[in-house]
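Structure, as structure tokens:
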Amino acid sequence: MLAIVTDRTARCRITDEGIELHNELGHSTFPWKLIKKVVRFPDVWLLYVGPQPFWLPSAPLQGDAGDALLEQAAQHGAKVVLR
């Protein structure tokens, strides 16, 4: 079945267990132990759970949210790269 996305908005929630992503098609949860690398660029963050990253815009990750993401990822063994 082909789904047509009319709302491209996704919500991201950072928890003690991992990162939750929600959009109109459903949701995904990425436990911290699956995130192997985080690369922070000025405009985008790349999170690697395999060879291909998923990306998050940097604006919502300013301040405490971004700090929490970096801290949790590093605590669970992810390589953190700041560009």
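Every number in this text was worked out from the coordinates using simple rules, so none of it is lab data. Predicted model, so just to flag it, every value in this text is computed and none were measured. Reconstructed Cβ throughout: ideal geometry from the backbone, glycine too, with neighbour counts over all protein chains shown.
Quick notes on this one:
- Scanning the range 63-83 for residues that are touching a helix residue (DSSP H, G or I) at 6+ places or on another chain (Cβ under 6 Å) and either within 23 Å of Arg8 (Cα to Cα) or not in a strand (DSSP E or B) (or both) yields Gln72, His76.
- If the condition is being of a type in the set (Ser, Thr, Tyr) and under 16 Å from Lys33 (Cα atoms), then the range 47-83 contributes only Tyr48.
- Just one residue in the set Thr6, Thr15 is surrounded by fewer than 12 Cβ atoms within 10 Å (Cβ to Cβ) and either in contact with a helix residue (DSSP H, G or I) (Cβ under 8 Å, 6 or more places away or on another chain) or of a type in the set (Val, Ile, Thr) (or both); that residue is Thr6.
- Members of the range 6-51 found to be of a type in the set (Val, Ile, Thr) and either part of a loop (DSSP other than H, G, I, E, B) or farther than 24 Å from Gly77 by Cβ (or both), listed by number: Thr6, Thr9, Thr15, Ile35, Val49
- Cβ-Cβ contacts under 8 Å between residues 6 or more apart (or on different chains), taken from a first residue in the range 19-31 that is under 20 Å from Gly66 (Cα atoms) to a second residue that is loosely packed, with under 14 Cβ neighbours inside 10 Å and polar (S, T, N, Q), are listed as Ile19/Thr29; Glu20/Thr29; Leu21/Thr29.
- Matching residues, the range 37-62, being surrounded by fewer than 13 Cβ atoms within 10 Å (Cβ to Cβ), under 20 Å from Ala10 (Cβ atoms) and either in contact (Cβ under 8 Å) with a residue 12 or more places away in the chain or small (Gly, Ala, Ser) (or both): Phe41, Asp43, Gly50, Pro57, Ala59, Pro60
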